[in-house]
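Values quoted throughout were computed directly from the atomic coordinates according to the rules given, and no laboratory measurement underlies them. Only a predicted model underlies this, so the values are computations on that prediction, with no experimental measurement involved. Every residue, glycine as well, gets a Cβ built from its backbone with ideal geometry; the counts of neighbours run over all protein chains shown.
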Amino acid sequence: MGKKEGIVPRCMRLPLFFALACNFLVYNGSRLITSGRFHRDLSNQLDARIPFVPWTVVIYLGCYLFWIVNYVIGCRQAGEEAFRFISADIFAKFVCLICFIVFPTTNIRPAVEGSSIWDMLVRLVYRLDAPDNLFPSIHCLTSWFCFIAVRKNEAVPGWYKCFSLVFALMVCVSTLTTKQHVLVDVLSGTALAEAGYFLVKWSGFAKLYEKAVSRIACGLKNCGQRFREI
């Protein structure tokens, strides 16, 4: 990418913005629909055996920086691959929206009574993030997309590809050890990321999304020109 493109290539700025907006609307908008409805607990005996490890909240929260870096890397790929990456993300988030609305889930969190910094952070997470919108796990889905963004990218060094895989797996584990998710949430989140990445290419959705974004960008540009002429 040339220097004129900046951190995010110009052609990918609008698609990336739409992806961020989609994530916000799916996660928060679905709550407006499912509030007050019965939510199922999908935990099982294996989940009960997974220990609560407060310090892993650092990984759970630290993944937000990981997401920013790797999504930028994903957007800096060759045009067709970058659009496949972002359109797969949006496709998967809409599947999440359907799941959140049709099959609301919840889990039972432990009582966190410790006084360590990790305990306080976990309590803060629990206070800010309601135990719903769990299946599939968007935390795991997005982290796995971060690995997808780099694994075949020739511009990314091998050590960072390995780091991205390990960190994505660590995030998945942290969702369990902080008791934010259960196993089925984690497995469905990572599987949905892979399925979405495959399906958008097979279905042609990535091409359609690229054309739609181009038309929207063109329309916004024309509106801007007309506004300046007034």
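Brief remarks on what is shown
- Virtual paramagnetic centre 7 Å along Cα→Cβ of R37, amide N under 16 Å, in region 112-134: 131-134
- Spacing of the two label points (7 Å from each Cα toward its C-beta) at M120 and V69, in nm: 2.7 nm
- Residue separation of A78 and I50 scaled by 0.36 nm, minus their Cα-Cα distance, works out to 6.0 nm of gained length.
- Extension reserve of the D129-I98 stretch, reckoned as 0.36 nm per residue once the Cα distance is removed: 9.2 nm
- Two-site label geometry, R151 and A191: point separation in nm, points 7 Å out along Cα→Cβ: 1.6 nm
- Among R13, R49, R123, the largest mean-square fluctuation in a Gaussian network model of the chain, built with springs joining Cα atoms closer than 10 Å, belongs to R49.
- On the beta carbon distance between Y160 and R109, with R0 = 30 Å, the FRET formula returns roughly 0.30.
- Listed peptides 154-167, 173-186 appear in the order 173-186, 154-167 once ranked by packing, highest mean of other Cβ atoms within 10 Å at the front.
- Residues whose amide H lies under 5 Å from that of D41, counting only those 5 or more places away or on a different chain, are T106; hydrogens are built 1.01 Å from N in the peptide plane.
- Taking packing as the residue-averaged number of other Cβ atoms within 10 angstrom, the listed peptides 36-45, 22-31, 141-150 run from highest to lowest as 141-150, 22-31, 36-45.
- Karplus-derived HN-Hα couplings along region 66-74 (A = 6.51, B = -1.76, C = 1.60, θ = phi - 60°), whole Hz, x at Gly and Pro: 4, 4, 4, 4, 6, 6, 5, 4, x
- Of the GluC sites (Glu not before Pro) in region 67-126, the ones in a loop by DSSP (not H, G, I, E or B) with at most 14 other beta carbons within 10 Å are E113.
- Over 33 Å [Cα-Cα, the chain], rounded percent: 23 percent
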